[in-house]
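Here is the structure we will look at.
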Amino acid sequence: MKLQTASRLAIYAVLELSADPEQQLSAAEIGDKFGISTHHLSKVLHTLGRAGLVRSVRGAGGGYVFSGNAKRTTLLDVIELFESVGGRDAGGNEGAVTPEAAALQTVLGEIDELTRATLNSITLSTMHKLIEAGGRSIDKGQGRANTTD
Amino acid sequence: MSETARNFEIRPAEFGDLDQVIALDERITGISKRDYLNDLFERYRTRKPDQRFFYVAETAGRVVGFVVGEIRAWEFGSEPCGWVFAISVDPDEREESVGSALLDQICDRFRQAGVHRLRTMTSRDNHLLMSFFRAHGLMAGPYLQLEKDLT
């Protein structure tokens, strides 16, 4: 599955902000970390703000804070602000309605349902655990690499 | 036996717990499974106690959760692993780590028995349970469940 750019940026942004709900980060600070354009990120943050997942803070030191519930917000919640996931037409249905097209749609529908179920079961809180576990394994990997240098 | 911060006791299920377990399961699933749960208790508390586990969470004499699982070896070609077949928590007692305490308890037993992989199966529509297992680090495994309508 390939996510649209806006969806990926939105996930990065809410993960960064929800890692510490007390912290305020500007679009530029988030953009710098992930190597993404502030202009594009600002549009994404605006959409996240309308959905109540982030809140903008004005004034000096302003920026954005996370305003959602990391234990309840799933990846699907974030992605569906920007694109549909596994919709009825997700596999494309150009051309005539034939038995071949219907059979293909059945298989694609099975994949879509699994995709939706997976994205809908991973909360931001769970993502933080995965990130932490990934970081630990990267550290271990680097540790091993260093010992063989 | 273990006590959590909110004074839940996690302990092996006893025959006297069964009515409360059955009522809790019915409240959550909407289906009465008295015969099935009676049979489950018989099999999981009286036979192969080093491989089959049935625990309840109790507070103030009330059963507020339960977990059932067992070690299975070489099914579908899989090396021995611990399966969790059922885990339920009273909706009024959620957000208090009862489910986590139950899962931790059965995982400890699996580890003590030399098993280092946990498996379960859940309906993909059951977002609550899916999210619970995901939050405890369970990921998609190497097997896919397949089925066919035989009517």
Practice task
Specify the residue that is least open to solvent (accessible area, probe 1.4 Å); the eligible residues are those in the stretch B:1-29 that are among the small types (Gly, Ala, Ser) and modelled with pLDDT under 90.
Solution key: B:Ser2
Problem - Test result for B:Ser78, away from chain A (no Cβ under 14 Å), surrounded by 20 or more Cβ atoms within 10 Å (Cβ to Cβ) and of a type in the set (Ser, Thr, Tyr) - result: no
Fill in the blank from the handout: Of (1) surrounded by 12 or more Cβ atoms within 10 Å (Cβ to Cβ); (2) more than 27 Å from A:Lys129 (Cα to Cα), B:Gly99 satisfies every one except (2)
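Does A:Asp139 meet the test of being at pLDDT 70 or above, open to solvent by less than 100 Å² (accessible area, probe 1.4 Å), more than 10 Å from every other protein chain (Cβ to nearest Cβ) and part of a helix (DSSP H, G or I)? If you could, list the steps in order and put the result at the bottom.
On the way: at pLDDT 70 or above: no; open to solvent by less than 100 Å² (accessible area, probe 1.4 Å): yes; more than 10 Å from every other protein chain (Cβ to nearest Cβ): yes; part of a helix (DSSP H, G or I): yes.
Spelling it out, it is not the case that A:Asp139 is at pLDDT 70 or above, open to solvent by less than 100 Å² (accessible area, probe 1.4 Å), more than 10 Å from every other protein chain (Cβ to nearest Cβ) and part of a helix (DSSP H, G or I).
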Handout entry: Filtered residues of the stretch A:1-52 (kept if more than 17 Å from A:Ile79 (Cβ to Cβ), over 15 Å from the mean Cα position of the chain (by Cα) and among the small types (Gly, Ala, Ser))
Key = A:Ser26, A:Ala27, A:Ala28, A:Gly35, A:Ser37, A:Ser42
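Does the stretch A:69-77 contain at least one residue that is away from chain B (no Cβ under 14 Å), more than 19 Å from B:Arg124 (Cβ to Cβ) and open to solvent by less than 50 Å² (accessible area, probe 1.4 Å)? Lay out the reasoning, then the answer.
First, the residues of the stretch A:69-77 that are away from chain B (no Cβ under 14 Å): none.
No, that holds for no residue.
Which residue, of B:Asp90, B:Asp108, is away from chain A (no Cβ under 14 Å) and over 27 Å from B:Arg27 (Cβ atoms)?
Values: B:Asp90 fails: over 27 Å from B:Arg27 (Cβ atoms).
After applying the criteria, what remains is B:Asp108.
I'm trying to understand the selection: among the residues of the stretch A:104-120, which are more than 14 Å from the chain's Cα centre (by Cα) and within 8 Å of chain B (Cβ to nearest Cβ)? Even if it seems obvious, please write down each step before you answer.
From the stretch A:104-120, those more than 14 Å from the chain's Cα centre (by Cα) are A:104-114, A:117; that's our starting set.
Those that are more than 14 Å from the chain's Cα centre (by Cα) and within 8 Å of chain B (Cβ to nearest Cβ): A:Glu113, A:Leu114, A:Ala117.
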Problem - the stretch B:123-146, residues that are closer than 16 Å to B:Leu102 by Cα and in a loop (DSSP other than H, G, I, E, B) - result: B:His136, B:Gly137, B:Leu138
Exercise for the section: Among the residues of the stretch A:13-55, count how many are in a strand (DSSP E or B) and crowded, with 17+ Cβ neighbours inside 10 Å. Expected result: 2
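Among what's in the stretch A:56-84 and is outside any strand (DSSP E or B) and β-branched (Val, Ile, Thr), pick the residue that is nearest to B:Met130 (Cα to Cα). Write out each step before concluding.
Of the stretch A:56-84, the ones outside any strand (DSSP E or B) are A:58-62, A:67-73, A:75-84.
Still in the running and β-branched (Val, Ile, Thr): A:73, A:78-79.
Numbers: A:Thr73: 14, A:Val78: 18, A:Ile79: 18 Å.
Filtering first and then ranking leaves A:Thr73.
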Handout entry: Residues of the stretch B:102-151 satisfying the condition of being surrounded by 16 or more Cβ atoms within 10 Å (Cβ to Cβ), out of contact with any strand residue (DSSP E or B) (no Cβ under 9 Å at 6 or more places or on another chain) and within 26 Å of B:Asp50 (Cα to Cα)
Key = B:Thr122
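The values are calculated or read from the model by the stated rules, or taken from the named source; none is laboratory data. Just so we're clear, the structure is a prediction, and the values are computed from it rather than from any experiment. Ideal geometry is used to build each Cβ from the backbone, glycine not excepted, and the neighbour counts take in all protein chains shown. Protein only, heavy atoms only, side chains kept; ligands, DNA and RNA dropped before computing areas. Shrake-Rupley method; radii C 1.70, N 1.55, O 1.52, S 1.80 Å.
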